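The values are calculated or read from the model by the stated rules, or taken from the named source; none is laboratory data. What you see is a predicted model, and the numbers here were worked out from it, not measured in a lab. Cβ placement follows ideal geometry from the backbone for every residue including glycine, while neighbour counts extend to all protein chains displayed. In case anyone asks, the SASA skips ligands and DNA or RNA and just uses the protein heavy atoms, side chains included. Shrake-Rupley method; radii C 1.70, N 1.55, O 1.52, S 1.80 Å.
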Amino acid sequence: MSQLYNSIEPNVIDDEMVQKAIEEQCPEDIGKLAKREVINFKDVTELQLSFRNILQIDNLWQFENLTKLQLDNNIIEKIEALESLVHLVWLDLSFNNIEVIEGLDALVKLQDLSLYNNRISKIEHMDTLQELQIFSIGKNNLATLEDVIYLRRFKNLRTLNLTGNPLCDDEQYTLFVVAHLPDLIYLDFKLVSDTTREVAVLKYQDLTEPLEREEARALAQLEEKQAKQKELEYHKTAFVEYLNGSFLFDSMYAEDTEDAKLAYLPGVSELQQAYPSWFVSVCENLFNYGLKECEKREAEVSDFYESLHEALTANQQEGRKIILDFENRNKRRLDEIHNASSYDIAESKRAEYKEDILQLSEALMTLEMLIADQLEVRVEHIPVRPPIQNMGGSLFSFSLTIFCTMAQCRDLENRHHEKLLEISITTLEKSVKNELDEDLPADVRMLLEDKTTIVNAVNASHGVHLLKIDKRESDILSNTYRWQTSVTEKAVQNEIDRNRDRIREIVQYIDNLQEELDNIEILEPME
């Protein structure tokens, strides 16, 4: 294929090539396209760039909504620059010079992929293509049957073409592929028969059964991981992530360089045995309380939007009733004006109708002002206002609980610190009198040189712990306030958008009525 293009200069995809391709795809639209200075690439869903001597894929980032891309019969050497084509369903890269499968990670919706007639020697780097149903990779350099096992991860794969690869020369090729890909319907353009499937399963069950067990184990691990991640996301929604265990306590000691030394002092190990359980118990109480409060908040917000919807529905029904009454009263109004027996009568009827239109406009605008005022009041009393502004509501009680819980954590840490300081000073006094029975490490003995050194070490450890508690408290409160603000702002913005759209509808409707009235012709009365 490359010889075919030896006398032609290689190309890179550019705007001019793309525009020409689009015009060729849609000849009936050439006139329309000619009138435009630039084609809106976001509107393009299919693009054919076959037989254009393209060496490098580039400049496709503007095609955000592309679903089908043909790049076959070029001289492309590398799969690249496809990151923005996240909606791509069909991709043809056949008859090129590609050696490695790569650059496909973003194409998570891809269902049909052709890499036929390239120079690929290994099936790889396709893990994200979980929607893949049709895969053509015939006439490449695939040499080992084991390469096919990689394709087991694609649970939707039903059509596969491997014909023309060296691995097809193996006499067990068909049975091996069918055994390892039991859901295949078509292999190398042929329907897989039930007989072939049965023979394949029996022949290779010693190889496939361990694979199935391993895949089941991996799937179970993945599901467990996903369940934990989903649970963690819910905990984050409740602002109590990592409080259901020793996470906070462990973080206090993770960066405490003095604790490991102080732990050697006599009596410290006994002191540290009870401390973690007390601390963790306080955190878990906040965790459980936070989950319950999250349920309450979700219910409150749901009730708020439900009441909002009810108010809007009632207002819309009232608006429709007003319009319907107006239209029923004025069905023949324009005809009466048009066919009036005299010009004066026509003008009188026109003035009456104009007044009715004005009253209709005022009625609809008044109705909209009423609902806008109602919704404004509801938004002001939305049940997620910051607790400082709204001293009632579940969020205030939750915030107060956070303050109290973290105060408990600090109290536990302060008491622990006092006891640790007492042990340290006692140990120092014994060390000065050479009454220590324990053989302490050299770095621990250095802490016992004088009172200032040991006190500084204990205080440094205590400071690290308090900082961790303070940061966790700050994070919870910040996340709480941020959520409050986002919910309120969303409600306000939704109402602003709704109000703007409704007023635009009313103005347009009234303008149409007025335009019909202005355009009515008054017939000259017959003599």
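Excluding residues fewer than 8 places away in the same chain, name every one of the lysines whose C-alpha is closer than 17 Å to that of K433. Cα-Cα hits under 17 Å: K451. Of the residues K236, K155, the one with the largest accessible area comes first in the ranking K155, K236, computed with a 1.4 Å probe on protein heavy atoms. Summary value for segment 11-222: 11 percent relative contact order, contacts being C-alpha pairs under 8 angstrom separated by 6+ residues. Full extension of the chain between C404 and V201 yields a length gain of 66.7 nm, computed as 0.36 nm times the residue separation minus the alpha carbon distance. Under the simplified labelling scheme, the N479-R320 pair shows an inter-label distance of 4.3 nm, with each label point 7 Å from Cα along Cα→Cβ.
The chymotrypsin sites (Phe, Trp or Tyr not before Pro) of segment 183-248 that DSSP puts in a loop, and whose beta carbon has at most 15 other beta carbons within 10 Å, are F189. Overall shape of the chain was characterised from the C-alpha gyration tensor. The equivalent ellipsoid obtained from it has semi-axes of 62, 52, 22 Å, in decreasing order. Note on segment 11-222: Kirkwood hydrodynamic radius from all Cα pairs is 18.7 Å, rounded to one decimal. When R197, R217 are compared by accessible area at a 1.4 angstrom probe, the order from most to least is R217, R197. Working note: 222 nm ellipticity from helices only, DSSP H runs with n ≥ 4, each -39,500 (n - 2.57), summed and divided by the residues of the chain, gives -20000 deg cm²/dmol to the nearest 500. Sorting W278, W483, W61 by solvent-accessible area of protein heavy atoms yields W61, W278, W483, largest first, with a 1.4 Å probe. The Cα center of segment 185-248 and the Cα center of segment 268-332 differ in position by 36 Å. Of the residues F249, Q493, L187, the one whose Cα sits farthest towards the positive end of the charge dipole of the chain is F249 (charges of +1 on Lys and Arg Cβ, -1 on Asp and Glu Cβ, taken about the Cα centre). Within the chain, antiparallel bridges make up roughly 10 percent of the DSSP beta bridges whose residues both belong there. Qualifying GluC sites (Glu not before Pro) in segment 191-262, where qualification requires a DSSP coil assignment and no more than 11 other C-beta atoms within 10 Å, comprise E255.
Between the alpha-carbon centers of segment 467-503 and segment 440-461, tell me the distance in whole angstrom. Going from one Cα centre to the other spans 47 Å. With a cut-off of 15 Å between beta carbons, the residues surrounding N244 carry a summed charge of -1, where Lys and Arg count +1 and Asp and Glu -1.
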